[in-house]
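Read through the structure below, which is laid out as structure tokens, and then see the notes.
The values are calculated or read from the model by the stated rules, or taken from the named source; none is laboratory data. The model shown is predicted, which means the values in this text are computed figures rather than measured ones. All Cβ positions, even for glycine, are placed from backbone atoms using ideal geometry, and neighbour counts span all protein chains on display.
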Amino acid sequence: MFDETLQKIAENLMNSEDIVLLPHINADGDALGAALALGLALTGMGKQVDILLEEEVPSNLDFLPGQELIKKTPGKVYTVAVNIDNGDISRLGKREPLFRSAGIRLSIDHHATNRVEAHYSYVNTKAAATGEIVYDLIKNYFKRNLNKDIAICLYTAIVTDTGGFRYTNTTPETLIICADLMRYEIDFPYVIKKVFDMISYTKLYLMKKTINSLTLLENGKLAISYLTYEDIKNYDVKNDDYEGLVNIGRNLEGVEVSVFLREDSEGNFRGNLRSNDYVDVSEIAEKFNGGGHKRAAGFNSTGPREKIIEKLIEIIIPKIRREA
């Protein structure tokens, strides 16, 4: 279906020679996959494209093509800056001024809690992943053919944000898009293995610590687990080592909401929220100035862990009781 805003985004990208793509900090499979796919499509059109990250590419995504476009430092002030898969401008971290200083600011996202201001901002909450939007942008607005490298990036973006097509955000359109991407002879079993199955010894340790901390409340409907700074400070932990730890609680029989907290530095916590059937965890995350989706959301918070957990319990338990 034609969208005027997406058309404007396409026109600005096609008319510019100088573009920077900005996924959110700690870029996951969707943010990085969508950015790399868009970058590859634009360079194929003769555009100069930089993808700026603040961290190393996670090891579970190190197979993605197009990484030659990734830079750690900006070369200049860019004509066009694109915020990708990010509903909160502060999650651009140190790159936020780069977005604000660009002549044209564009934003592409699928989070219902999106608050990013741009010249043109396209948010499609029906899309399972931002990768679906980039697929639509390339095929139907750029009028460009895909290739194997772009297809691998888009498939990875979509498969990660749908949990391997297990989450409720998976739609018929999601599967149609991925069926088309598979026609480019991508090694999709390898993608699944890298993204979901392979873990480091460090992650195995973190899983053990997470399980040991896990507490069940509200007749087993609320699971809370955490990692303290003491748990992680002596280990070489990568961002992808934390992936999926929140699902240890979520996957327990009877659990509706799973909370996972990790203390990245003393008193500074990153929270992940997941729900199974009916609680909208994005509403919970917003209470902590975070955001996300109905079934998957996150936030950052400071303070004693016990106080953060206490506040979470006060917010979550009434939702479990009211919405059950």
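A few comments on the model shown:
- The listed residue being of a type in the set (Gly, Ala, Ser), part of a helix (DSSP H, G or I) and under 19 Å from Ile158 (Cβ atoms), out of Ala10, Ala34, Ala27: Ala34
Listed here are the residues, each with its yes/no results for (1) surrounded by fewer than 19 Cβ atoms within 10 Å (Cβ to Cβ); (2) in contact with a Phe, Trp or Tyr (Cβ under 6 Å, 6 or more places away or on another chain); (3) in a helix (DSSP H, G or I); (4) not assigned by TED's automatic domain parsing to the domain that holds Ala151.
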site	(1), (2), (3), (4)
Ile177	no, yes, yes, no
Tyr190	yes, no, yes, no
Ala223	no, no, no, yes
Tyr226	no, no, no, yes
Asp236	yes, no, no, yes
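- Applying the criterion of being among the β-branched types (Val, Ile, Thr) and closer than 23 Å to Thr302 by Cα to the residues of the range 243-266, the residue that is farthest from the chain's Cα centre (by Cα) is Val257.
- Taken over the range 115-136, the criterion of being surrounded by 23 or more Cβ atoms within 10 Å (Cβ to Cβ) and either farther than 19 Å from Leu36 by Cα or among the hydrophobic types (A, V, I, L, M, F, W, C) (or both) is satisfied by Ala127, Ala128, Ala129, Ile133, Val134.
- Test: residue in the range 283-296 that is under 24 Å from Arg166 (Cα atoms), assigned to a strand (DSSP E or B) and out of contact with any helix residue (DSSP H, G or I) (no Cβ under 6 Å at 6 or more places or on another chain): yes
- Scanning the range 263-282 for residues being in contact with a helix residue (DSSP H, G or I) (Cβ under 6 Å, 6 or more places away or on another chain) and either among the basic types (Lys, Arg) or more than 27 Å from Val237 (Cα to Cα) (or both) gives a total of 3.
- In the range 194-216, residue nearest to Phe63 (Cα to Cα) [restricted to those that are surrounded by 13 or more Cβ atoms within 10 Å (Cβ to Cβ) and charged (D, E, K, R)]: Lys194
- Meets criteria (surrounded by fewer than 19 Cβ atoms within 10 Å (Cβ to Cβ), in contact with a Phe, Trp or Tyr (Cβ under 8 Å, 6 or more places away or on another chain) and over 16 Å from Leu42 (Cβ atoms)) for Lys148: yes
- Within the range 193-226, being aliphatic (A, V, I, L, M), without any contact (Cβ under 8 Å) to a residue 60 or more places away in the chain and under 22 Å from Asn276 (Cα atoms) holds for Met207, Ile211, Leu214, Leu216, Ala223.
- Filtered by the rule that a residue be within 20 Å of Asn86 (Cβ to Cβ) and of a type in the set (Gly, Ala, Ser), the range 31-50 gives Ala31, Gly33, Ala34, Ala35, Ala37, Gly39, Ala41.
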